[in-house]
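First up is the structure itself, then whatever we jot down about it.
Just so it is clear, none of the values below were taken in a lab; they were calculated from the coordinates. Quantities reported herein were computed from a predicted structural model and do not represent experimental measurements. Quick reminder, even Gly has a Cβ in these numbers, built from the backbone with ideal geometry, and neighbours come from all protein chains shown.
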Amino acid sequence: MTVLLCPGRSTRTHGQFLSDFNSLSEMNILTLDVGSGDLPYASGSDNLIFCSTERYHLELHKFLTVPPAFSYIKDMWENTFDNGLDWKTRCSWLSSYNNYSRPKQLNTWEDMSRYYCILAMSSFNVHYDKWKVIGEHNPTTPDYEAIRAWSDLHKDKNIKYRKRSIYNFPTSDLGDNSVIYFHIPSQFASYGCGYSWTKKKFEHLLKDLTELAQMGYKICVSSLYEKWGRKTSELTDQFDGSLFHPHFYSYKKVKASRYPSVTEVYLVANLEPNT
């Protein structure tokens, strides 16, 4: 189970990629517009820098590395949100968190556990009734043991949090033993509280990463490539193939299916796979 709930900004095959590029375990990883952070967390690296200007997001990352986080979430989920059934309370608190007169930082563990539960209650199952789209609320019950294990695993890592975007990330923190990582959402849309992925952002990022790759910086870009055998995006095809080398990995949710559930692409520049 993914501990950090970040639909559309998570990876499924990062473990396969990391088995081919285990050198990342010894590198400093700078993650731009961090979503779930699956790859940097799983890399084994003890030196991570997470950049984001998304509301509450860096605070959420910090909170989940605190060992008591699971118990705060458990109490909030069971007593305030009635085990995910209290939709009215969820909507009331979500409105409050989205209110731009509210401070952009959450300062207490209670605040953070409440926000985590709001995210857990944001999941829907979508199906069709004749021609009508039906969305049914399908809350994700927090996996308390997974959260506790995750906190224990990452609590002692050297993690720096930077309120920076793709327009002003700190290249001064990068050295020969550093890699820049970014996960491209598969479509232009809004994600989370205050984060959006747009064509303008992509074009800016593409230009910057291309220039950095030409200068010799190590870079890794991941994205969803295919879903159930259908290509989901053309964005990664726009990277310079002489600089960024693609590596494809697939995940099958249904083993009997003809097609993988998802295929993800990892584009690497100035990085070599295991020998």
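Of note:
- Wholly within the range 1-99, helices (runs of 4 or more DSSP H) carrying at least 1 residues that are touching a His at 6+ places or on another chain (Cβ under 9 Å), of a type outside the set (V, I, T) and in contact (Cβ under 8 Å) with a residue 40 or more places away in the chain: 14-20, 38-42, 57-64, 87-98
- Some residue of the range 258-269 being assigned to a loop (DSSP other than H, G, I, E, B), without any contact (Cβ under 8 Å) to a residue 12 or more places away in the chain and not aromatic (F, W, Y): no
- Residue under evaluation V221, criteria (1) out of contact with any Phe, Trp or Tyr (no Cβ under 7 Å at 6 or more places or on another chain); (2) part of a strand (DSSP E or B); (3) hydrophobic (A, V, I, L, M, F, W, C), criterion not met: (1)
- Considering residues of the range 253-275 that are loosely packed, with under 12 Cβ neighbours inside 10 Å and not hydrophobic (A, V, I, L, M, F, W, C) only, the residue nearest to H183 (Cα to Cα): E272
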